Structure formats: C-alpha cells, structure tokens
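Just so you know, all these numbers are worked out from the coordinates, no wet-lab data involved. What you see is a predicted model; the values in this text were computed from it and never measured. We place every Cβ from the backbone using ideal geometry, glycine too, and count neighbours over all the protein chains shown.
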Amino acid sequence: MQKLLLSLILSVIAAAPVFSAQNVSYDQLLAQLTSHQGEIPAAAVPEASAKSFAAEAEGRYWVGIKTSAKAERTALLEAGFDIIETEKDKVYGFADHELLARLSAAFKVETSQPLSSYISRSKDFPAADAIYHNYQETYDTLKQLADNNSDIASLFSIGKTIEGRDIWCLRVNNSAKGETPSSKPGAFFMGNLHAREHLTAEVTLLLAVWLMEHRNDADVKNYISTLDIYIAPMANPDGAEFDIKNGSYQYYRKNMAKNPNGSRGVDLNRNFDSWWCEAGASTYPGSDTYCGPKAFSEPESQHIKRFFETRRNLKTHISFHSYASEILYPWGGSEEEVADERDRKAFVKIATEMGKLTNYEPRKSSDMYVATGDSADWAYAATGALSFTFELEGRGFYPGAAIVKGAVERNIKASVYLLSVTADPYKVI
Ligand code: 0X9
Ligand code: ZN
C-alpha cells in the first residue's frame, strides 16, 4: 500500500509546471528532477487523510484477492479484474461496485478499500510530477529533436487516435525520412500503450533525446547510419491525457472508445489479433482488460498494426509498460514457448542481457499470467520482429519524479544494447 500512499501524497501538491521545450537537453530534462524532489513530503500520511483520487476513482476500490495459482490469476483477468500487484498468495487491483460484487461471489476477496475523490482544476501532471511530459510537451520535444537534427531525424504520425490526436513517432535514419521505406534493419520503441503508465513515455522520450545528444559517439553514430530507428513515446495519448485531466491521477488504463453499454475504453493490450480475447481478457466492456468488440477494433491498434506491416525491415521491438521490473518475451497469450529454436534462444539471450543492464527479471511473458491479444505477441507472430514487453521498475503507476532518472538511464542502456543486436539479432546465440 505504500505505493498508493506516495501517489496520493504527490498528487495533492499544486504548483505550476516547469517544462519548456526550448533548447531541450537530456541533462536539463533530468536536472529538473532535483529541483522538484524538495517538494515531495518525506513522511507518509495516514491512509484516511489521503484523498487525491480524482472523480474517476470515485466508486472504485483497491481490492486484495487471495490466490496463488496462475490459472486463477488468468481467470481473474477474464472476469475483468486487472491484476496490478502480485504477491505470493495474493493479488491486488481496482474494481468498481459491480465488479467487486462479481469477484466476491467467485473469488476470495480479502480486502477492499474505497477510493475517495478529489478534483483539482489544472489539466496536467500533479506539480510534484511536473517533470513528466504531457502530450503537448512530448510533441514539442520530439519536434525540436527532429528540427535540430534534420539530417538524421524526422517526425511523423503513425495515425490518429479515437479523439483525433496524432500518435507521434520520431524516426532516426540518416538516409530515409518520414514514411519513406528503408531496407536497413529496424528497431521500434513504443511507450504508454496503457494510459497510466507514464514512466514508459519518459523512458522512450528521453531515449530519443539521449540518442540525438550522443549522435557523434562512435557506437551511436554507427547505429544511426546502419539502422532504421523508430521511437513512439505515446501510443495511447488520449488515455494518457485523460489520466491527468484534472491535475490528479485517474488510474486509467484503456483508450477512449465509447462502448455501447455506456462504459469507456478498450484495453489496447488485449485488442491485437493474437489469440484475441481468449485467456486473460474480458468481454465485459467496463473492465480494465476489455478486449474490444473484435480484434483491431481500435484506431490505435490498427495504426500500430499498419506500422509494423508496412515496415518489414523491423527486427527488434520493445513495448514499454509498468510496473514489475521484468523483461518479457513471447508467448504471453499461451503457455507454449515460441516454436522457432533460433528465435527462442535469441529471445532468452537478449532478454537476459537487457536484464543485466536494467536489473529487471527476464522471463516468458505468460509466466505470471496468460493474457491474449497483447501487442508484442502479435508483432512477433505477424512480422518476426523480436518483440519484448518491458515492465519498468517502481511500486505503483505513479512512482514520482525521483524514479525517472534511474529508470531512464537503465532503460537507455538496455535499448542501446537492443540496437547493438538489431542488425543481426541471431549473432548473440
Ligand atoms: O497485462 C498486460 O497487458 C501487461 N501488464 S500491465 O501491468 N502493464 O498491464 C503484461 C502483458 C504481457 N503479459 C502477458 N501477455 N501475459
Ligand atoms: Zn501496461
């Protein structure tokens, strides 16, 4: 529960954001962390006084369910329960009244703590988390990177979301720009498919900033001239913006689809056509693991699909999520291991190496639970690109400003390692 308390405390602090996209630099962006750490209260407050959840959180509960079996965890996902934390014999997540009643009937619900509501007037990250970049700030930063490095970088939109926002992607390639095809081996880094996992957008955005600043380092220079690199920090910008819409967090995961039953959102990481809506996904539109009316029903997943399908040069991919400190490789939707022995060995070896650089645990995606329809499973199955799901570090979706620097640094190392094998991922085995 410490993670919740910290998030609660952080989000009640109000002050103006400090971000400026002018002359963006990696050190400058990270230096802002120091100036904000002083605003984070050191001591936790009693749970009863913590009340920073937004209106969206009203009527929701933080629920603990006794379970130790993997099959039961998968069944919980199917019942519409998004497992957020896992202990040896217990899992935690959010549920509204209706879901809580259904869960209580079928599972051993041990604890349920109501979330109170709090509405603030700003439309941005809570002040203590002003280091995080909202959608406009993310675009401004990417645009400036592209403008300042126009010989090797370009910015284009993968497509528009359900609310009409562009899914921006920075491309790093010294010969091809925008959507022009390239035959160079490609790597694709994607963040924020899940709305509330904001740290994933920071890691990918700062990766882009770092690469541009280090463009003349011998190894980076080599990757830039031989590879086709894509970085899309916000794959679900509608959800990410909704999650911070009142200046306090909404604990929102899905996209902004309007479901026929009046509920909101499809889980984009259950909407891809990889055993779509079989195990570990819910057909209940209100649930956090709702798979949507059909595979690829959502514009966001359609655009990501088209992105992969029109770039058959992509060899490696990371979809960044949070939080579990894990590096996951296929399959996630099946307990099977991938059939191709070369791929299997490469997955394990590359995940292990990236695990050493991040201190995250490499494992088969379905080891924790089986969940179908995820983007990395689909990307690997459809294109052969070695696709990983990272679950970043931290305790909670809102781990605060102080975590950003370490997470960014570690994940840049892992990402650069992935670039180092992208030309021939099988050389590692
Ligand atoms: O459940 C998910 O979509 C991912 N975890 S998260 O907490 N970020 O929501 C994990 C997806 C990969 N795992 C499986 N397919 N089992
Ligand atoms: Zn996620």
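Using C-alpha positions alone, give me the convex hull volume of the chain per residue in cubic angstrom. All intermediate terms of the calculation are to be shown ahead of the outcome.
On the way: hull volume 54.1 nm³, N = 429.
Output value, Cα hull per residue: 126 Å³.
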Taking only C-alpha pairs under 8 Å that are 6+ residues apart, what is the relative contact order of the chain in percent?
19
Taking a threshold of 22 Å on the Cα-Cα distance, which of the pairs LYS88/LYS108; LYS90/LYS349; LYS90/LYS294; LYS177/LYS305; LYS70/LYS315; LYS160/LYS294 fall above it?
LYS90/LYS349; LYS90/LYS294; LYS70/LYS315
For a quick check: sort TYR132, TYR26 by the number of other beta carbons within 10 angstrom, fewest at the front.
TYR26, TYR132
Take the alpha-carbon centre of the stretch 290-310, take the same for the stretch 342-381, and report the distance between them in whole Å.
21
What is the set of long-range amide H partners of GLY59 at a cut-off below 5 Å, with H atoms built 1.01 Å from backbone N?
LEU115
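List MET212, MET368 from most exposed to least, where exposure is judged by having the fewest other Cβ atoms within 10 Å.
Values: MET212 22, MET368 19.
Listing MET212, MET368 from fewest to most nearby Cβ atoms yields MET368, MET212.
Tally the DSSP beta bridges in the chain and give the antiparallel ones as a percent, rounded to 5. Display every interim value, and only then the final one.
On the way: 29 of 51 bridges.
Approximately 55 percent, going by the DSSP bridge assignments.
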With a/c under 1.5 counting as rounded, go ahead and sort the stretch 341-429 into rounded, prolate or oblate using the C-alpha gyration tensor (a ≥ b ≥ c being the square roots of the eigenvalues; past the cut-off, prolate if a/b is larger than b/c, else oblate).
oblate
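Compute, for the chain, the length of the dipole vector about the Cα centre, with Cβ point charges of +1 (Lys, Arg) and -1 (Asp, Glu) only. Units Debye, rounded to 20. Numbers along the way, then the final one.
On the way: 45 positive and 55 negative charges, 50 e Å.
Around 240 debye, computed over the chain.
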Once the in-chain neighbours fewer than 8 apart are removed, the aspartates and glutamates whose Cα is under 20 Å from LYS345 read GLU326, GLU335, GLU336, GLU337, GLU353, GLU361, ASP367, ASP377, ASP424
Taking H as built 1.01 Å from N, whose amide H comes closer than 5 Å to the amide H of THR67, not counting residues under 5 places away?
LYS90, VAL91
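Give the order of ARG410, ARG102 when sorted by the count of other beta carbons within 10 angstrom, beginning with the fewest.
Values: ARG410 19, ARG102 16.
Result, fewest neighbours first: ARG102, ARG410.
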So what is the calculated 222 nm ellipticity per residue for the chain, using -39500 (n - 2.57) for each DSSP H run with n of 4 or more, over all residues, to the nearest 500 deg cm²/dmol?
-10500 deg cm²/dmol
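For the stretch 174-293, take the alpha-carbon Rg, divide it by the Kirkwood Rh, and send me Rg/Rh. Walk me through the numbers on the way to the answer.
Values: Rg = 17.9 Å, Rh = 16.4 Å.
Rounded to two decimals, Rg/Rh equals 1.09.
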